[in-house]
Amino acid sequence: MKTETRAPGRALTIKVLRHNPADPDSQPQWASFELEEYEGMTLFIALNEIRDRFAPDLQYDFVCRAGICGSCGMVVNGRPGLACRTLTSTLPAEITLAPLPLFKLIGDLSVDTGEWMRGMSERLETWVHEQTTPDIHALEERMEPELAEEIYELDRCIECGCCIAACGTARMREDFVGAVGLNKIARFRLDPRDQRTDADFYQVIGDDNGVFGCMSLLGCHDVCPKDLPLQTQIAFIRRKMVTVS
Amino acid sequence: MKNSLLPARLDLAQSITGLVLAVFMAFHLIFDSSILLGAGAFDFVSGALEGKLIFGEKIPLITTAVVLVVFAIFIAHAGLAMRKFPQNARQYRTFRTHMKEMRHGDTSLWWLQIWTGFAMFFLASVHLYIIMTQPQTIGPAGSAYRIVFEWKWPLYLLLTVAVVLHAAVGLYRLAVKWGWFEGKDPNRRRKTLKKAVWIVTAVYLTMSLAALGAFVHIGLTGQDHFGTVVEGLGS
Ligand code: HEM
Ligand code: SF4
Ligand code: SF4
Ligand code: FES
């Protein structure tokens, strides 16, 4: 049998901002780990290796490892992104990892985006509002495939929280709904089953914590790992909301 | 109703006042730069804008009236945009840290807009007030005198840089904010717009600073850079 030979990879230095808020003695501090890079290494793989070899108590979140569940958002060299989708080869040899700001810190790189997202969803009522109770025995009303596509395009949001962490407005003003919220409004606005009018939507996003708070910095658009068209959607919603009268 | 229509109106007003000011500045700086074509050209342009072609003589009150309107729009815009400033030390620090970490162009440009805007509170107010109250002094000689001997050149230097950067970035932001010129591929279009911002900035800065230089030249030598003697400087 042939033994596999591999050219030695780059020596990576991975610095992780560690802190355990449950421990009153814990202070946030950087922990540094040395790894050898190999082909196809993602930050998910690198973190697993760190946990296996150096720091069994390292906290970070992963579920799908494929950019679908949205649990692995973290700040990579200053920019929010999904760890499972980030190849180390796209980064310099020194990599810093920090938890997403704004969300409740669980420990190390693990944050609770769920609580924030739930608050946002309740505030914006991000569900289909129907006037009539649907008849569960009848066929659902048909939707044009193009429209379904359009809705699906916006529905691809995985609530990873990267757009919030990347938003200067959200960082300064904590009640700002952020791109994730505005995108959801755009999504339900498209949905013919949601019978809310623009005047209704204005009630939830027509203020400076909503669409008028957005200062068009487009950090959200530029980091969204799902490449959602956040710029055009926010601009669209803004146009719709100023014409509500 | 919970949300009033006020936030929508204010946001729109912020953009409209910004747009009007930017368009005004686009023309203002071109007219101002007519000095590059010589003292005669500037005399003609400033005279024409004061109604000489219609009334046969300059009517400085026209300038006063126009400046009054611009001043009002300026104050409205500053008041509206001020809402977006960091409101306290914590917000200020948070944004600074965020900007440094993100290394993200549009985020940093916003910071530039905040600072140039803040600077203009003072710089533009002084300028507007002087022009509004002394419109009769505008002309190749009067303006050069003011710039050199009344020490307006440092003010104008800073104001020119601030206003050109602020207005160019502001127009870019207007485009992305309202979704103008998105075209078929908004991402590509955004890059093009950004490029346009830098070209406009470079062209306007070069032109306006050269014009300022031309005024300084007149003030120091008593003639424009074509050698035409400028009368009336020696007051
Ligand atoms: C005291 C003077 C000024 C201050 C404090 C100021 C401040 C600001 C700020 C903070 C913004 C960003 C608003 C946002 O992020 O939503 C802004 C936007 C803008 N400014 Fe100014 N500005 C001033 C004067 C001017 C002048 C003289 C011009 C034109 C030459 C101008 C043109 C614009 C434009 C076009 C925008 C974009 C409007 C928008 O985003 O809705 N500003 N200004
Ligand atoms: S909009 Fe993009 S960045 Fe924001 S939560 Fe959804 S997927 Fe994540
Ligand atoms: S455009 Fe800027 S201010 Fe608006 S949501 Fe995105 S990052 Fe935040
Ligand atoms: S682990 Fe699911 S998105 Fe990264």
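Within region A:217-235, being within 16 Å of ligand 1 (Cβ to nearest atom) and either more than 8 Å from chain B (Cβ to nearest Cβ) or surrounded by fewer than 20 Cβ atoms within 10 Å (Cβ to Cβ) (or both) holds for A:220, A:221, A:234.
Quick check on this structure: which one of A:140, A:174, A:159 is farther than 30 Å from residue B:96 by Cβ and of a type in the set (D, E, K, R)? Step through it out loud before you land on a result.
Numbers: A:174 fails: farther than 30 Å from residue B:96 by Cβ; A:159 fails: farther than 30 Å from residue B:96 by Cβ.
Testing whether each residue is farther than 30 Å from residue B:96 by Cβ and of a type in the set (D, E, K, R) leaves just A:140.
Restricting the first member to region A:61-85 and to residues that are away from chain B (no Cβ under 14 Å) and farther than 19 Å from residue A:50 by Cα, and the second to residues that are in a loop (DSSP other than H, G, I, E, B) and within 16 Å of ligand 3 (Cβ to nearest atom), the beta-carbon pairs closer than 7 Å and six or more apart or on different chains are A:67/A:225; A:70/A:159; A:70/A:160. Criterion applied to A:70, A:114 was being buried (at least 18 other Cβ atoms within 10 Å of the Cβ), within 16 Å of ligand 4 (Cβ to nearest atom) and more than 19 Å from residue A:33 (Cα to Cα), and the one residue passing it is A:70. Checked against the criterion of being of a type in the set (A, V, I, L, M), assigned to a loop (DSSP other than H, G, I, E, B) and away from ligand 1 (no atom under 16 Å from the Cβ), region A:169-183 contains one or more residues that satisfy it.
Regarding region B:116-130, can at least one residue be identified that is within 26 Å of residue B:8 (Cα to Cα), within 14 Å of chain A (Cβ to nearest Cβ) and without any contact (Cβ under 8 Å) to a residue 40 or more places away in the chain? Steps first, please.
Within region B:116-130, the subset within 26 Å of residue B:8 (Cα to Cα) is B:116-118, B:120-121.
Imposing the further condition that a residue be within 14 Å of chain A (Cβ to nearest Cβ) reduces the set to B:117.
Restricting the remaining residues to those that are without any contact (Cβ under 8 Å) to a residue 40 or more places away in the chain gives none.
Within region B:116-130, not a single residue is within 26 Å of residue B:8 (Cα to Cα), within 14 Å of chain A (Cβ to nearest Cβ) and without any contact (Cβ under 8 Å) to a residue 40 or more places away in the chain.
Please specify each residue of region A:151-164 satisfying the condition of being more than 10 Å from ligand 3 (Cβ to nearest atom) and either part of a helix (DSSP H, G or I) or open to solvent by 20 Å² or more (accessible area, probe 1.4 Å) (or both).
First, pick out the residues of region A:151-164 that are more than 10 Å from ligand 3 (Cβ to nearest atom): A:151-162.
A:151, A:152, A:153, A:154, A:155, A:156, A:157, A:158, A:159, A:162, listed by residue number.
None of B:26, B:41, B:65, B:8 is open to solvent by less than 40 Å² (accessible area, probe 1.4 Å), away from chain A (no Cβ under 14 Å), closer than 30 Å to residue B:82 by Cα and modelled with pLDDT of 95 or more except B:26. Residue selection: residue B:174 fails the criterion of being away from chain A (no Cβ under 11 Å) and in a helix (DSSP H, G or I).
The values are calculated or read from the model by the stated rules, or taken from the named source; none is laboratory data. This structure is a prediction, so every number in the text was calculated from the model and none was measured. In this analysis, Cβ positions are derived from the backbone assuming ideal geometry, glycine residues included, and neighbour counts consider all displayed protein chains. The area values use the complete protein model at the heavy-atom level, side chains included, leaving out ligands, DNA and RNA. Shrake-Rupley method; radii C 1.70, N 1.55, O 1.52, S 1.80 Å.
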